[in-house]
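Worksheet: one structure, shown below.
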Amino acid sequence: MTDSTTTTTATAEPDATAAPAPVPETTVSPQEVGDWYDEFGDIYHQTLGESVHCGLWFPPDRPQPANLDLVDLSSLAQDRYTDYLIETLDPRPGDHVLDIGCGTGRSALRLTQQRGARVTGVAISRQQIERANKLARDHKLLDKLVFEHADAAQLPYADATFDSAWAVESICHMDRAKALGEAWRVLRPGGVLMVLESVLTDALTEAERAVFDGMLASNLPLRMPEFFGLVDQAGFQTLELKDLSANLAMTMNVMALACHDQREAFTQRFGAEFTDLMIAGLPAARNIVARKTRFFMVLLRKPVAAARG
Ligand code: SAH
């Protein structure tokens, strides 16, 4: 007779003498797998690329972030971009850097944390300045980080105040000639200005032009010679030019996906009119970024013995 109690005494440890758990039955046949790939396999190439496997977004020797969604993924990429800009600007500890169009202050914060530079940031949005100042307070960096509401075309700073400056994806919103002129004025001789900016490589349709003022609150991009005409006119020398176009294109693609994913929430938060305009404009915006513009990091210097051209 078997002792029925033995079968009910479960232990946490696997019992080496027990029969192995049954392997789940195979439910797809090789034929079905082959047919599936024949019919639908292209979905992988249409969405991911030439291989039929995943990408190495996070190298195995780094901490693997948990619960990543598209926005977290993009935020990590933004920080990598900021770090590249910091490395390229290369400020010294104690330098005073001007952040022209500083957004909500995260780039300035990283610059201060990594390099010990002082940063003054200006933006035309009062709400952004409030958020940026809260960030400085929260990080107890009020002695190093100052954010002020100001127009980059009329900066409230004396000539030659700053050692360096950057305008990260911001001068597209401004009168570019005035913004470059003001940056030149407030930089010390020999000071460096970094600009992140798109230039036009192809003609835009009417619908594409509407994307800039309607959807992005931006002026139209200039052609390369027009942009460098303004750079010369302001009195800057060009030190370096780096094409970062693929990064902006990738970012637009992520933004498009994230907008579609969050359409309902955006309609609640921003209203249907803005959300619909945004979603309707995304294909044109992606096409402009991927095919009709190039996106550059431009490093400029105010010459030591400087006169404007
Ligand atoms: N550089 C930031 C923000 C980019 S968004 C970042 O990389 O995160 C563009 C920024 O330019 C916004 O902060 C906006 O307020 C600012 N901006 C636009 N026009 C401006 C103007 N005339 N004067 C100052 N800031 C301006």
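The values are calculated or read from the model by the stated rules, or taken from the named source; none is laboratory data. All values derive from a computational prediction rather than experimental measurement. Positions of Cβ are backbone-derived with ideal geometry, glycine not excepted, and every protein chain shown enters the neighbour counts.
Restricting attention to region 109-118, which residues are at negative phi and either outside any helix (DSSP H, G or I) or not hydrophobic (A, V, I, L, M, F, W, C) (or both)? Those that are at negative phi and either outside any helix (DSSP H, G or I) or not hydrophobic (A, V, I, L, M, F, W, C) (or both): Arg110, Thr112, Gln113, Gln114, Arg115, Ala117, Arg118. In the list Gly181, Gly190, Gly214, which residue meets the criterion of being in a strand (DSSP E or B) and in contact (Cβ under 8 Å) with a residue 12 or more places away in the chain? Within the list Gly181, Gly190, Gly214, the selection yields Gly190.
Scanning region 228-266 for residues that are farther than 24 Å from Gln78 by Cβ and touching a strand residue (DSSP E or B) at 6+ places or on another chain (Cβ under 8 Å) gives Phe228, Leu230, Val231, Phe236, Gln237, Thr238, Leu239.
Exactly one residue out of Ala249, Ala234, Ala177, Ala207 is in contact with a helix residue (DSSP H, G or I) (Cβ under 8 Å, 6 or more places away or on another chain), under 26 Å from Gly271 (Cα atoms) and among the small types (Gly, Ala, Ser), and it is Ala207.
Could you grab the pairs with beta carbons closer than 6 Å, sequence gap of 6+ or different chains, first residue in region 234-253 and in contact (Cβ under 8 Å) with a residue 60 or more places away in the chain, second one among the hydrophobic types (A, V, I, L, M, F, W, C) and not in a strand (DSSP E or B)? Close Cβ pairs satisfying both conditions: Ala234/Leu180; Ala234/Trp184; Gly235/Trp184; Gly235/Ala306.
Just so you know, in region 92-108 the residues that are near the ligand (Cβ under 7 Å from one of its atoms) and outside any loop (DSSP other than H, G, I, E, B) include one that is farthest from Ala136 (Cα to Cα), and it is Ile100.
For the residues Leu220, Leu230, Leu248, the requirement of being in contact with a Phe, Trp or Tyr (Cβ under 6 Å, 6 or more places away or on another chain), within 30 Å of Phe162 (Cα to Cα) and in a helix (DSSP H, G or I) singles out Leu248.
Any idea how many residues of region 147-177 are under 15 Å from Glu197 (Cβ atoms), more than 6 Å from the ligand (Cβ to nearest atom) and not small (Gly, Ala, Ser)? Of the residues in that region, 5 qualify. Hey, does region 109-118 have a residue that's within 16 Å of the ligand (Cβ to nearest atom), surrounded by 13 or more Cβ atoms within 10 Å (Cβ to Cβ) and in contact (Cβ under 8 Å) with a residue 60 or more places away in the chain? No - not one qualifying residue is present in region 109-118.
For beta carbons closer than 8 Å, sequence separation of 6+ or different chains, a first residue in region 59-80 that is without any contact (Cβ under 8 Å) to a residue 60 or more places away in the chain and a second that is of a type in the set (A, V, I, L, M) and surrounded by 10 or more Cβ atoms within 10 Å (Cβ to Cβ), the qualifying pairs are Pro65/Leu76.
You will find that of Thr267, Thr275, the residue that is in contact with a Phe, Trp or Tyr (Cβ under 6 Å, 6 or more places away or on another chain), more than 16 Å from the ligand (Cβ to nearest atom) and in a helix (DSSP H, G or I) is Thr275 and no other. Going by the structure shown, is Ile129 farther than 19 Å from Gln237 by Cα and in contact with a strand residue (DSSP E or B) (Cβ under 6 Å, 6 or more places away or on another chain)? Considered against the rule, which asks whether it is farther than 19 Å from Gln237 by Cα and in contact with a strand residue (DSSP E or B) (Cβ under 6 Å, 6 or more places away or on another chain), Ile129 comes out as yes. Could we say that Arg185 is within 28 Å of Gln237 (Cβ to Cβ), of a type in the set (D, E, K, R) and within 15 Å of the ligand (Cβ to nearest atom) here? Taking the combined requirement at face value, the residue satisfies it. Checking each residue in region 233-243 for being among the aliphatic types (A, V, I, L, M) and surrounded by fewer than 16 Cβ atoms within 10 Å (Cβ to Cβ) picks out Leu239, Leu241.
The residues on offer are Ala152, Ala136, and the sole one that is closer than 23 Å to Lys302 by Cα, among the aliphatic types (A, V, I, L, M) and either surrounded by fewer than 23 Cβ atoms within 10 Å (Cβ to Cβ) or at pLDDT 95 or above (or both) is Ala152.
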